[in-house]
Every structure is written in C-alpha cells, then in structure tokens.
Amino acid sequence: MTAKFKTDSEKGLTVEYRLLELEEEIRRFWEENHTQQRLMEAKQKSNKGLLGYVEGPPTLNGVPHVGHARGRVMKDLRYRWKTMQGYYVPFWGGWDCQGLPVELEVERQLGVKNKRELLDRVGEEHFIQECKKAIMKYQKAWVEADRKLGIFIDHSRAYWTYLDSYIEREWQYLKHAWDQGLLEEGHYVVAYCPGCQTSLSNAEVGYEGTYQLVEDPSLYFKFKVADKPKEYFLVWTTMPFTLITDTMLAVRPEAEYARVQVGDEVWILVKQRVEPIMKELGIEKYTVIATVTGKSLENTKYEYPFRDIVPKQIELEKSHPSVHRVVCEDFVDVETATGIVHLSPGNGEEDFFAAQKRGVPIFAPFDDEVKFTREGGKFCGVFARDTDSMVIEELRTRGLLVEAKPVKHEYPTCWRSHHKLVWLARKEYFLRTDKINGKVLEAAEKVAYFYDETKNRFISFLKERKPWCISRERVWGAPLPVWKCRECGTKTIVSSKKELLERAVEKPRGEFELHKPWVDRITFKCQKCGGTMHREDFVLDTWHNSGASPYARFTDEEFSKYVPVDFLTEAVDQTRGWANSLLLEHVILTGKAEAPYKAFLFQGLVNDAKGRKMSKSLGNVIEANKLLEKYSADIFRFHSLRKCSPIDFISFDPNELGRRTYQILSTLYHLNRFFLQNAEFDNFNPQRQTLQWAKKGKQLRSPDFWILSKLQETIDAYTAKLETCEFNLAVAVLEDFVIESLSRLYVPMVRKELWTDDPETLDRRLAVYATLWHALRTMTLLFNPVTPYLSEALHQKVYRKLDPELPESVNFESWPESDKKLRNKTLEEDFQTLFKCVSLVYSARQTAGLKRRWPLSKLVVVAPEKVCAALKSFEELFLELANVKAADYANGKKATQQATSEGWMSASEGDVQIFLDVRRDERLLGAGLMRDLARRVQALRKELGYVPTDIMEAVYISELDEESIRLLEPHLPQMKELVRAKTLHLQGDRAEEEMKWHESQLDEKKVSIAISPGTAKQSS
C-alpha cells in the first residue's frame, strides 16, 4: 500500500485510557480513509483464496439489541481474522425486509388491529409503501450499530429481499421444486395464528420460547354409545371447542379396555388408567365388569351430542360410514388420560391423517379470524377458543360433563404476536421436503457445527421430516408465482419478471413491482381451455425469502465461486429458521446432498442480568446503540466473547463491562505506553534494532527468550481456538499472555534495566525494546479481530510512529505465525520452576508479615537437582524477583535444622521447600523503607502526569523521624535513581518555602511528598 492515510497518531497515548474518545477518533480515521472499502478491494485483487459468505439478514422490524450485537461481533471477528490470513471474503450486508415481523410492526404503527381492518382502512398499496418506510428507518439504526461496534461489513453491496431482482431469483427455487414435483397445493393441518391471521411453518412453531405456560380447561366428558342406553365412552381434552368439529373416536387396537360400572352407568376407558382416573375424579365406588380389546371396539357408533345445534354434523354422518364411529390408531396414548381420543380432523394433524386415509370429510368451519362460520351452527361468529365455555355448558346441560377444571400446561404461541396457536386444516402450498429428507440429512451431516450439542439439536429437528408450509395469507411478501385457471383448475408457475410480463394478457401500465396488489392484476390465458388464470392469493414464508439468499443475492458467476460459503453464524433458534431454510432450498435447487454452507456456528441467546429472556413486556431489552453511547465497543466485544462459550446463553449485565475486561485492555494500553515512552527516550529504531540484531549482538537475556517462546505458544493456541470457534478460550489465551506473562512477569524482570540512561547499557535496553516491540506488536495484531479500535490506535500511535513504513492500517497487516526457532519448551519449564519458587518465597514473606519490597539477606532451597539447577542458571534473576541477597541449595537435614531455628520461615509445594531468613538488620530495614517511599514517589509522579523518562529537579520528603532519616541515608543514591530525581531531600518538618505537598500513608505514619520538576524534562 502506498497511499498516505490521514492520522491523528501525533496525539499519542494519553495518560488515561479514554476508551470512547479513542474509539470515535479511530472511527473517523477509518471513514475518512475508506479503510473498510480499501481493505476489501485490496484482498479482492490479491489473496491466497476465496472464502464465501452470505449475510444472515437482520429483520428490519426493530432496532438491534445486545443479542444481535453479540452475533455481529462473532461475524466480524471471523472476517477480520480470515482477511489478515490473506483470504478474500465477500463480507457484504443483507436485509430481511418482508414478511410477518415487518407487517406486524407497521400494523402497530398504523393502529390497525387485524388484517381485515388493514385491507379495509389502509389498502394494500398504501400498506406496502408504509412497510418500505419502516424498513428504511430501522436499517439506519442497524447501520449505526455496526458503525459503533466496528463491524467491517460492506453495506453498499447489501441485498434487500423485497427488490424485484431478488424475488425473481428466489422464484428459481420454486421453479426447481415445481419441476421435481416438490411444490404442492393441498389441505393440511397447519398451526395458525388468529392474531396474525396466517399459517406458520412447523419450524416456526418450535422456536425458542414459543411454548408458554397457559391455562386451559381440563375436561372429562362422555360420548354415548349408540343403541346402548347407559353406556358411554369416557374422553378427556384441553380444547373443548374441538368437540364442535369432532367426527371420530380413536382407540389403540392392541390395548385392553375396561367396561366400568359407575352408579347406573357403564364407562369405557383403557384398563390401565381406570384406577388413577377414578381417584382423580373422586369416585370410590366402581366395578370393572368386563374387558375388551381396542380392536373389538372398532366401528362402534356413538351419538354425537350437538346434532341439534350443529346441523352440518348430520350431513357429515350421512356422507361417510366412519363419521361418529370408533377407529383404531397406533398413535393413541394409553399412558395418559382415558386411552380414547376424540378426533377433529379439521383441528389436529394426526386426526387429519386418520380421516384422510379413510376418506372421511374434513370439517373445518372457520374464517380467517378463527371464528366459526355458518357451518358451526349455534357457534357461528364466535372465536374458536371463546366457545370452550359454551361447549362445557352444553355438555353440562346434556348430562355429559364429568369434570371441568382449569389446568396449566405448556402450549405453543405465535413467535411474533404471542397469541395461542390453533391447528386448522387449510388449503396451503407446501414444499414436500419430507420426500428429499434423505438428501437433506446427508447434506447436514457434512457440515461442521463445532459443538455436538447444537449439531444434535439441528439434526434432530431435520429428522422430523415435515412438509414445509410456505404459503402465507398476508400482504408484504414475495408473491407465490403460481397462477390457476378459474375454469379448468390448471396451474402454471413463472420464474422471472420477464416471463410474467410476456405471458400477461394485459401489460401493466405505470408503476409495477413484484408485490401485491400489482402482481395480482396480471392474468394469463389458460393454454389448456382458454380460460383466465389468476395468481394464487398467497405470499411466501419470510424464511423462504431469506433462505433463498445464497442464490438470490449473487449473480450466477458469484454463486458458483462463493457457494457453499465457508462459514455462517446465527443464534441457536435458527436451527429451525435460517439454517433450515438455507439447507432445504439449496438441496432443492441443486438436487445434491449438499448444504450451502461448510460450517455453521449456532450462538446462545443473550438474557438479562437475572437470566431472564429479554422482552418488551418485561422492559429489559438493552438496545445496542444506547449501550454503545455509554460503553466502549471494544469492551463489549471482548466481554461478549470472553464471558462464556459462544453456544451458551449469556446473562448480560452492563455493570460488568467496567471490571475485568477494562483491566485487561487497559493493561495492554499502558504496556504500550510504557514501551513507547522508554523506546523514544533511547531513540529505538525498530528497522535497525531488530530481534536479529539483538541476537547477533548477544544482547538477549533469558527473560527475553522466555517471553518470546511464550509468545509462539500463544499465537498457536489462540489461532487453534479461533479455528474451533472456542472464542471464550481463545480470548482467555490473550488475557493470560497480557496480564500474566507480559505485565506480571516479564516487565518486572526487565523494568530495572530501563531505569538508567547509561550509554554503556544502551544496547541492552534497545534489545529489551526489540523484544517488547515484537511481543506487543504481535499482541496488537492478535487482538485486532476482537478489539479493532484499540488495535488500530496502538498501530497508529505506537508502531507507525516508530516505523512509518508499516501498513497504513492494522487491518492490512498479516496474521502472525509462530516461529519454531523461538519456541523453547525447556526454557518455559525452567521459568515455571523459577516462578513457583518465587511464589513460595512470597508465601513465606506473607506468613512472616514482610512486604515483597523489603529486601532480605538469605534463602535456602531444598528441591530435586533439576529444580536447583534451573534456579542456579537464573540465580541473579531469582534473587532479584525474590528480593533476597543470597541463596543456598541444601539437603533435607540441614534444611530441617534451619526450619526449626529462630528467625526462619518456610513454605513448600510438592517436592520443593523454601526456607527464608526473615531477620533484618539496619541495612535491610533502611533498604525496605527506601523502597516503600520510592513507591509512593513513583505513584505521585504518575498521578501528576509525568512519564517514566521525565527527570525531576528535586524530590522532598518530610515528616520523617530522625531514626528513619538515619536508616535512609545510605540508600539515597539508589532511591534517586528509582524516582528519577537529581536531588532528594529528607526532612523532619515541611519546608517553609511554598511548594505543593501531597500526603501519603506509610504504614502507621503519614509523610508528605513534594516534587520540583524544574526544567529537566528529558522525554522526546
């Protein structure tokens, strides 16, 4: 890259890590320099391979919340990472614009209660325009959320599912289904939402959270056996309204049924349920007088109780011999209820199939609002579920009610309107995906899901083998492209706008698009009888609309290049949604046992801090844009990836964003600031002072080799976890390296070497900078997919500042690869031994009540020879970290003697023992006091905004007693070096001259400190 980027890097790194300010600066940098567009252009021209991608389109019926944000972070992480690895990914946006979710939102805005009112008061044309306005409004909110999150998706190349160009390519899927005999019209029992006034697919019924705890009547009732005065079938239901459409009773053929004497009546029910039911009904006196098989009950006639108020039932009884008779079915459950099921083929799937195989008429007298029609007799005009109480009273009046009481149970509700669903037999269009289920399952098994739990969930759903109801009785959707002749019933399908216009009897004038009502005005001439063909009045399931995206969003050439796509990720509820529709449609389109995606990660949903599902009714939905106005995008990104496995449900608490995650990113920020300040002071040049230069000059020490070895391990472990989508574990690898390896261990080992400006040790300091440059810059690259703002800021303000030849954005960098030559597992093991022993020293100090800053005279190590050898090889470092003057390595006997002698303290772990001489003479007491005071001066320097390389003119410490001053005198030269001051003044009382004093607590005492900066500022 040669073009010059505009940059604010001259501002440098501020003393405080100001997240929101920094992120807005980087956001402007990306936008002014068109970084996202230029990155995609660069990779398209030069790459090591193509990785297909198709966006799982957000539905434009609302603003994005934190659950959406979590998923988009995972998508962006994958994109940035793979791009840095050298791949070209068409990370282009997409918008789900049509269907029930959008319609319901617009109905709410218009104040419309149902579809009938919508059509009467608003009209289809006006409604379509309002839908378009709504999606544009919400699309802006989604783009803004992506902008704040730092999502590098290209919205300029987004697909819109409502456009004609998209819809006519979607029609190609239906044309292929038609040609294969997989697109059928038929009566079928479907889940129907009275609120939305449309059917739902089997997949939609099973969405996460659709089953709710509801209250319904639990009803035991009797149907009289025909021609037997006091004999009845005992039946149970929780949907009394279905008795209005009842046409048969079903028993299990091989089960044993009992004839039970109850008072002067005989009740028939399955034998194994007699005792529990009598107990439930509170009936103590009863007698089993006979048993029969279910098979023997077949064809027994019963008296339908509502013949007088539902006259249509008399017609049905005359039309078919099986109506109001007992049939045998294996689906009858004899472990619950009475073992006798009343069948309403117009309201139950199994009931429907039982009627269909016998040719029994389907009685479903309901309108679009699920109110009974005239055929419902007395119940005409009443909503189905509102007739439950009417049915109960009718049974009571006729002496057929045994018991009715409320019961709470799980029942499916509409995933959008939350109305209780009703099962209805309706004329619908279906994709007979059950016929190609073998191919679908074979295709699904080839996909990588990363986690068995979500894979098994998806495969289990696919094995249900249900036909897909794709027709919807709505307005705003892709129209079903099937025309039917009014005269002879012949059907035809069209697959493009061009074909539609060519076949039209009358060409449309003025505005025309592939939506209702315009497309409904197009008629064809029937090729068979010459009659007029009209479009079937359905729109397509919105999941069919979005599921067509792999073909509909690309050109034919792009489709062949990018599909199957490399990787997709969506929420776990998409096992029944987009992941399913993509798979089914692709198998239909290609005829192959192939999925349109090679890998699919299903994410867990985001709940509130209490673990509750976020919903408008609870008022606990956290909008992404509002959250990101207050909190850092990088913090959110890191936290949402780190907190748990991507497949786990996450309980999101905004208060957690300022805790551990902030500490990690702040540590990385300040490590870079520490490096830059010192490196600039010594005029470090990364192009000259490379690791190779440091090695050649033999300036690298064991801590440098150790951190470089740990870095190689980190690169490999992090990359491997990204590959397996264990994002929480991947981010944990970064956290461990920054907090533990770099901040807690490596920097303390080398910090003292950077405190001097001695020319004789300059090369050693430059070698430390070379090591830090390599480690911290590699971290910056590894963090980029997770925290792109911080990585870009560090790249601009630290690395490009020191080396302007680096790529203009961190996003143009290559992904780090480990260097096997720098990995030294033996060295890592030895250092682990070192850290273990230092930790034991700290433990002994804690037991003795001695601070780590207080130097001690001696320690003894008792351990196996391998441990002792490792410590001896690092002895200078070991003693410095332990803050002890000398070490001995002794046998067990001597160590035991020392452990029991006065003035020694011990600590042990496994086969390693540390004995610490905790006695302190005046020299050690003075050195410890000096370290305590030096720490307080350093803290004050930081508080006042001085950088480590600033040299103060003078430091004053007052309110010290004479004994403390005497103890400190021998250590003043070292203290001046530690606090970087030309002169150091110790005094009992505060000086009379005016200066700004700062009080500080020193154990039980207070001291006052003042700093005179003078003109000695040395930083470059």
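For the range 58-71, the criterion of being hydroxyl-bearing (Ser, Thr, Tyr) and open to solvent by less than 10 Å² (accessible area, probe 1.4 Å) is met by no residue. Figure legend. Inter-residue proximity from the range 784-798: first residues touching a residue at least 40 places away in the same chain (Cβ under 8 Å) and assigned to a helix (DSSP H, G or I), second residues open to solvent by 10 Å² or more (accessible area, probe 1.4 Å) and among the β-branched types (Val, Ile, Thr), beta-carbon distance below 7 Å, spacing 6+ or different chains. Indicated pairs: GLN796/THR7.
Residue count for the range 652-689 satisfying the condition of being open to solvent by less than 20 Å² (accessible area, probe 1.4 Å) and either in a helix (DSSP H, G or I) or without any contact (Cβ under 8 Å) to a residue 24 or more places away in the chain (or both): 13.
Only one entry in LEU163, LEU110, LEU104, LEU119 is under 30 Å from VAL73 (Cβ atoms), modelled with pLDDT under 95, aliphatic (A, V, I, L, M) and open to solvent by 20 Å² or more (accessible area, probe 1.4 Å), namely LEU104. Applying a threshold of 6 Å to beta carbon distances and a minimum spacing of six or more residues, or different chains, the list of pairs starting in the range 943-958 at a residue that is touching a residue at least 12 places away in the same chain (Cβ under 8 Å) and ending at one that is surrounded by 17 or more Cβ atoms within 10 Å (Cβ to Cβ) and of a type in the set (Ser, Thr, Tyr) reads SER958/SER1008.
Just to be sure, is GLN261 part of a helix (DSSP H, G or I), of a type outside the set (Val, Ile, Thr), open to solvent by 10 Å² or more (accessible area, probe 1.4 Å) and in contact (Cβ under 8 Å) with a residue 12 or more places away in the chain? Answer is no for this residue. Restricted to the range 853-964, the set of strands (runs of 3 or more DSSP E) holding at least 1 residues that are β-branched (Val, Ile, Thr) and surrounded by 18 or more Cβ atoms within 10 Å (Cβ to Cβ) comprises 856-862, 884-889, 912-917, 952-958. For the range 720-742, a residue qualifies if it is of a type in the set (D, E, K, R) and in a helix (DSSP H, G or I), and the qualifying residues are LYS721, GLU723, GLU735, ASP736, GLU740. For the criterion of being touching a residue at least 40 places away in the same chain (Cβ under 8 Å), touching a Ser or Thr at 6+ places or on another chain (Cβ under 9 Å), open to solvent by less than 60 Å² (accessible area, probe 1.4 Å) and not in a helix (DSSP H, G or I), HIS409 passes. Within the range 132-168, the set of residues being touching a strand residue (DSSP E or B) at 6+ places or on another chain (Cβ under 7 Å) and of a type in the set (D, E, K, R) comprises ASP154, ARG157.
ASN811 meets all of the listed conditions (1) under 27 Å from GLU680 (Cα atoms); (2) part of a loop (DSSP other than H, G, I, E, B) but one, namely (2). Listed by first and then second residue, the pairs with beta-carbon distance under 9 Å, at least 6 apart or on different chains, first residue in the range 1-24 and of a type outside the set (Ser, Thr, Tyr) and part of a loop (DSSP other than H, G, I, E, B), second modelled with pLDDT under 85 and open to solvent by less than 40 Å² (accessible area, probe 1.4 Å), are VAL15/GLY945; VAL15/VAL947.
Right, THR575: surrounded by fewer than 22 Cβ atoms within 10 Å (Cβ to Cβ), touching a residue at least 60 places away in the same chain (Cβ under 8 Å) and of a type in the set (Val, Ile, Thr) or not? Criteria not met by THR575. The set of residues from the range 84-101 being free of Cβ contacts under 8 Å to residues at least 60 places away in the same chain and open to solvent by 10 Å² or more (accessible area, probe 1.4 Å) comprises just one member, TYR87. Among the criteria (1) surrounded by fewer than 18 Cβ atoms within 10 Å (Cβ to Cβ); (2) small (Gly, Ala, Ser); (3) part of a loop (DSSP other than H, G, I, E, B), the one SER560 does not fulfil is (3). Restricting attention to the range 973-995, the residues that are open to solvent by less than 30 Å² (accessible area, probe 1.4 Å) and not charged (D, E, K, R) total 6.
Here is a yes/no grid of residues against (1) modelled with pLDDT of 95 or more; (2) in contact with a Ser or Thr (Cβ under 7 Å, 6 or more places away or on another chain); (3) acidic (Asp, Glu):
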| residue | (1), (2), (3) |
| --- | --- |
| LYS801 | yes, yes, no |
| GLU808 | yes, no, yes |
| PRO816 | yes, yes, no |
| LYS825 | yes, no, no |
| ARG845 | no, no, no |
| TRP854 | no, no, no |
| VAL867 | no, yes, no |
| PHE874 | no, yes, no |
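Is at least one residue of the range 418-431 more than 30 Å from LEU281 (Cβ to Cβ), crowded, with 17+ Cβ neighbours inside 10 Å, in contact with a helix residue (DSSP H, G or I) (Cβ under 8 Å, 6 or more places away or on another chain) and modelled with pLDDT of 90 or more? Checked against the condition, which is being more than 30 Å from LEU281 (Cβ to Cβ), crowded, with 17+ Cβ neighbours inside 10 Å, in contact with a helix residue (DSSP H, G or I) (Cβ under 8 Å, 6 or more places away or on another chain) and modelled with pLDDT of 90 or more, the range 418-431 yields at least one hit.
Within the range 215-243, track down each residue that is within 12 Å of HIS324 (Cα to Cα) and touching a helix residue (DSSP H, G or I) at 6+ places or on another chain (Cβ under 7 Å). Of everything in the range 215-243, just one residue is within 12 Å of HIS324 (Cα to Cα) and touching a helix residue (DSSP H, G or I) at 6+ places or on another chain (Cβ under 7 Å), namely LEU243.
A quick yes/no check of all residues on (1) within 28 Å of PRO467 (Cβ to Cβ); (2) under 34 Å from the mean Cα position of the chain (by Cα):
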site	(1), (2)
VAL122	no, no
GLU144	no, yes
LYS148	no, yes
TYR159	yes, yes
PRO194	yes, yes
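Among the residues of the range 621-651, those identified as open to solvent by less than 10 Å² (accessible area, probe 1.4 Å), touching a Gly at 6+ places or on another chain (Cβ under 8 Å) and either assigned to a loop (DSSP other than H, G, I, E, B) or not hydrophobic (A, V, I, L, M, F, W, C) (or both) are ASP634, ARG637, PRO646.
The values are calculated or read from the model by the stated rules, or taken from the named source; none is laboratory data. Note that the coordinates shown come from a computational prediction; the quantities given were computed from them, not determined experimentally. Don't worry about glycine lacking a Cβ; one is built from the backbone with ideal geometry, like all the others, and counts go over all protein chains shown. Heads up: the accessible areas ignore ligands, DNA and RNA and are worked out on the full protein's heavy atoms, side chains in. Shrake-Rupley method; radii C 1.70, N 1.55, O 1.52, S 1.80 Å.
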